[in-house]
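Since the structure comes first, as C-alpha cells, the remarks are kept for the end.
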Amino acid sequence: MIKKISFFLNQLLKSNLNLMKTLLSKKYNLKLQLFSSLFFLIIGSLSSCSSNEGEGNNNSIHQSDLIVYGGTSAAITAAVQAKKMGKSVIVVSPDIHLGGLSSGGLGFTDTGDKTVIGGLAREFYHRVYMHYQNDSAWKWQKREEYGNKGQGTPAIDGNARTMWIFEPHVAEMIFEDFVRENEIEVLRDEWLDRENGVVKENGKIVSFKTLSGKTFKGKVFIDATYEGDLLAAAGVGYHVGRESNETYGETWNGVQYGVFQHRHYFIEHVSPYVVPGDDTSGLLPEIADEQLPENGTGDDKVQAYNFRMALSQHPDNRISFPKPANYDPARYELLARVFESGWDETFNKFDDIPNLKTDTNNHGPFSTDYIGKNYGYPEASYEDRKTMIREHEDYQKGLMYFLANDTKVPDSVRLEMSKWGLAKDEFTDNGNWPHQIYVREARRMIGDYVMTEHDVLGKKEVSQSVGMGSYSLDSHNIQRIVTPEGYVQNEGDIGVRPKEPYSISYGTIVPKKQECENLLVPVCVSSSHTAFGSIRMEPVFMILGQSAATAAVLAIDGKIAVQEVDYTKLNQKLKSDGQVLVLSERLK
C-alpha cells in the first residue's frame, strides 16, 4: 500500500515541481514554504520505503521484468508497451524531463510519410491533436490564425485525428500522461556507471548500477538512449562516425565534399582568413585546419548537433536573447561575411508551431549547428559531455545575440529578430533554453543485420520488419574546411529521398547473440551512417521502442534469447497493436 501511495505522490510531485519552484521563487508566504518542505519530506520518506529491498535511495536494489535505460520517446513507448502486455517495468532515466527531443524543442516533426506511423507513435500524435482541440490550449494565438503547415503532411489532420506539430511542454505532458496512466515506475537523474556498473553472466546482463549506487536487475534490458551507453558498457559492438563507401557498397557514406543537397553550404565564395585573401593571417573561428581525404573515405566524425529552440513572437511571452558571459562577436565574423555576400535566408527554418512560437532549426552555411565540435561526444565521459553541451549552448546563444544586436548584421534582419525571443513558458526550469541537445548521431550498434542505404532506398527487400521509416537519408554537415581554391566550405550534408517508405528489420535492434542475449536497442540501431540519417527520426524511435518491448516480452515469456524470438508471433502482436510493418498495411 505504501508503495502505491508513493507512486502516485511521486507522480504528483513531478507534474507540479515547476509550479512549486515558481511559487517559492516569488517568495509566497511562509505557510506555503512550510507546506512545501513537509510535502518533500513525506515524498522522500515514502520513496525510501518503496524500494524492493527497503534499503533507501542509495545502494538499493530495484528488480523488474524489463529495465529500460533512457528517458527518450522510445523509452516511454517501450515502457508503455511492456505494461500493456502485463510485465513489470522500470524506466531508469538520466534525464529529469521525459521525451528526449520530442519534448526538447523538436515540435516540427520529421514526419515523412504519416501513413506508416502506427501504434503508440500514432497514439502520441492523436493525443497532440486532442490537446489542441481545447480552446484553452490556444493561449497566445487564435486557433484559426495558426497555419496548417507540417513537414511532409499538414500540421493538423482532422480526418485521421492526428496533429504532427506541437509545443515542447505539450509533448512532455503527454509522455507524463503515458507514465501516470500506466503506473510506470520512473527513476530520474540516474546515470549508468559506465566503467563498472554492468554485470553479465553467460552472455546476459544480470544487472547494472547507477552512479547513485542503485542496482537494477531485470530479465531483459532496453537501451533507449541517444548515446548507446548501456550497449557499449555491456560489450556490444558498435561504430562511431562514417563508414567508407566500400564497407557496405554504398554511395552516400564517407566524405561527401562538393555534395550540396540542401542549402547548408556557402553559395558564394567567402574567404576563411582573418584578413580576407591573406592565408598568412590565420583562419577565422569555427573553421578546421585540415586536409580532406577523397570522397567516400570513412572517418570518426559525427554530424553536427544543435538545440532546437522554442522562440516566441508574442510580446508577453518572449524573453530577449541573453548575452552570454563569454560572448565574443569575432567568432561570428564568418556569418557577417555571408551576409555581405548577399545571403538572405536567416528565417527559413523558423518553423511555426502553435501559439506564435517556432521550432527553430539550423539553416544555411553558418547557423545553429556547431559544426565539428562534437566528435568526441559519443565516447566522452559525463563531465566532458557536459562541457561540450555548455560550449554548444554558449555558441548558439551567442549566435542569437549577434543576430539581434551586431551592426554587421543587416538592419532588416536585426529588425525582424527584435520581434523574437525565447518562449517564456517553455523550459521554465532551464532559463527557457532546451534541456536536450540534439544528438543527431552517436554510437550505432553493429548487429547481425546492418541497415544500409540499399535498404532505405528500396534496392533490396527487408525481412522481419518491426516498423517503417520514410524520411530522406539526412545528414547535417560534419566539417567546415578550406577548399583547394582558398575559400571556406562545409562538408557532410546529404539529403537523398527514398522512392517510398521502407521496412526496418528486427535484426537492427538486437545485438549479435554472442555479445548479449537479453538487450534490445531501438535508438542506436544497427545501421550505416547513411541509413541512420533516415531512421533517426522521433516517430521511428517511438515505433521501434514499442516493437523492442514487444520482443522483450516474448523473450521473457519464452525464456529465450531476444535473437530467438519467433518472428511470426512478433509480427502478429505488432500488427494487432496497430504497428505498420509493410507498405500494404499503411494507414490513412
Open item on the list: Quick check on residue 425: is it open to solvent by 10 Å² or more (accessible area, probe 1.4 Å) and under 30 Å from residue 511 (Cβ atoms)?
Closed with: no
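Residue-wise test of (1) assigned to a helix (DSSP H, G or I); (2) of a type in the set (Lys, Arg); (3) open to solvent by 10 Å² or more (accessible area, probe 1.4 Å).
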{"residue": "67", "(1), (2), (3)": "no, no, no"}
{"residue": "74", "(1), (2), (3)": "yes, no, no"}
{"residue": "92", "(1), (2), (3)": "no, no, no"}
{"residue": "111", "(1), (2), (3)": "no, no, no"}
{"residue": "115", "(1), (2), (3)": "yes, no, yes"}
Open item on the list: Based on this model, can you work out whether residue 516 counts as within 18 Å of the chain's Cα centre (by Cα) and open to solvent by less than 10 Å² (accessible area, probe 1.4 Å)?
Closed with: no
Open item on the list: Given (1) over 16 Å from residue 535 (Cα atoms); (2) in contact with a strand residue (DSSP E or B) (Cβ under 7 Å, 6 or more places away or on another chain); (3) open to solvent by 50 Å² or more (accessible area, probe 1.4 Å), identify the lone condition not met by residue 415.
Closed with: (2)
Task: Candidates 354, 365, 329 - the one that is surrounded by fewer than 22 Cβ atoms within 10 Å (Cβ to Cβ) and over 25 Å from residue 188 (Cα atoms) - done: 329
TODO: Kindly indicate whether any position in the range 474-490 is of a type outside the set (Gly, Ala, Ser), closer than 28 Å to residue 235 by Cβ and either touching a Leu at 6+ places or on another chain (Cβ under 6 Å) or open to solvent by 10 Å² or more (accessible area, probe 1.4 Å) (or both).
DONE: no
Open item on the list: Quick check on the range 223-236. Is at least one of its residues touching a strand residue (DSSP E or B) at 6+ places or on another chain (Cβ under 6 Å), in the same structural domain as residue 141 (by the TED database) and in a strand (DSSP E or B)?
Closed with: yes
Task: Answer residue from the range 187-214, given it is open to solvent by less than 20 Å² (accessible area, probe 1.4 Å) and of a type in the set (S, T, N, Q) and is farthest from the chain's Cα centre (by Cα) among those - done: 207
Task: Matching residues in the range 157-167 - criterion: being open to solvent by 40 Å² or more (accessible area, probe 1.4 Å) and among the small types (Gly, Ala, Ser) - done: 158
Task: Matching residues, the range 405-440, being touching a helix residue (DSSP H, G or I) at 6+ places or on another chain (Cβ under 8 Å) and at positive phi - done: 427
Open item on the list: I need the full set of residues from the range 461-487 which are part of a strand (DSSP E or B) and within 28 Å of residue 567 (Cα to Cα), in order please.
Closed with: 465, 466, 467, 468, 469, 473
Open item on the list: Could you check the range 370-392 and list, in sequence order, the residues that are surrounded by 18 or more Cβ atoms within 10 Å (Cβ to Cβ) and farther than 26 Å from residue 237 by Cα?
Closed with: 370, 371, 392
TODO: Residue by residue through the range 443-464, note down the ones that are surrounded by fewer than 23 Cβ atoms within 10 Å (Cβ to Cβ) and among the small types (Gly, Ala, Ser).
DONE: 458, 463
Task: residue 344 part of a loop (DSSP other than H, G, I, E, B) and more than 30 Å from residue 243 (Cβ to Cβ) - done: yes
TODO: Just one of (1) among the aliphatic types (A, V, I, L, M); (2) closer than 21 Å to residue 251 by Cα; (3) surrounded by 21 or more Cβ atoms within 10 Å (Cβ to Cβ) trips up residue 439, so point out which.
DONE: (2)
Task: Set 208, 266: member being outside any loop (DSSP other than H, G, I, E, B), in contact (Cβ under 8 Å) with a residue 40 or more places away in the chain and either closer than 25 Å to residue 361 by Cβ or among the aromatic types (Phe, Trp, Tyr) (or both) - done: 208
TODO: Determine whether the range 134-156 contains at least one residue that is crowded, with 19+ Cβ neighbours inside 10 Å and not in a loop (DSSP other than H, G, I, E, B).
DONE: yes
TODO: From 559, 569, 573, grab the single residue that is on the phi > 0 side of the Ramachandran plot and assigned by the TED database to the domain that holds residue 519.
DONE: 559
Task: Top-ranked residue of the range 406-420 - restricted to ones that are aliphatic (A, V, I, L, M) and in a helix (DSSP H, G or I), ranked as nearest to residue 319 (Cα to Cα) - done: 417
Task: Leading residue by the ranking (most open to solvent (accessible area, probe 1.4 Å)) among those in the range 168-186 that are aliphatic (A, V, I, L, M) and either in a helix (DSSP H, G or I) or out of contact with any helix residue (DSSP H, G or I) (no Cβ under 8 Å at 6 or more places or on another chain) (or both) - done: 173
- [ ] Within the range 542-567, work out how many residues are open to solvent by less than 10 Å² (accessible area, probe 1.4 Å) and not polar (S, T, N, Q).
- [x] 12
TODO: Collect the residues in the range 547-572 that are within 16 Å of residue 522 (Cβ to Cβ) and not polar (S, T, N, Q), keeping them in residue-number order.
DONE: 548, 549, 551, 552, 553, 554, 555, 562, 565, 570
Task: Index of the failed condition, residue 241 passing every other in (1) on the phi < 0 side of the Ramachandran plot; (2) open to solvent by less than 30 Å² (accessible area, probe 1.4 Å) - done: (1)
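The values are calculated or read from the model by the stated rules, or taken from the named source; none is laboratory data. Just so we're clear, the structure is a prediction, and the values are computed from it rather than from any experiment. Virtual Cβ from ideal backbone geometry, glycine too; neighbours counted across all protein chains shown. Each accessible area value is taken on the protein alone, full model and side chains, heavy atoms only, with ligands, DNA and RNA left out. Shrake-Rupley method; radii C 1.70, N 1.55, O 1.52, S 1.80 Å.
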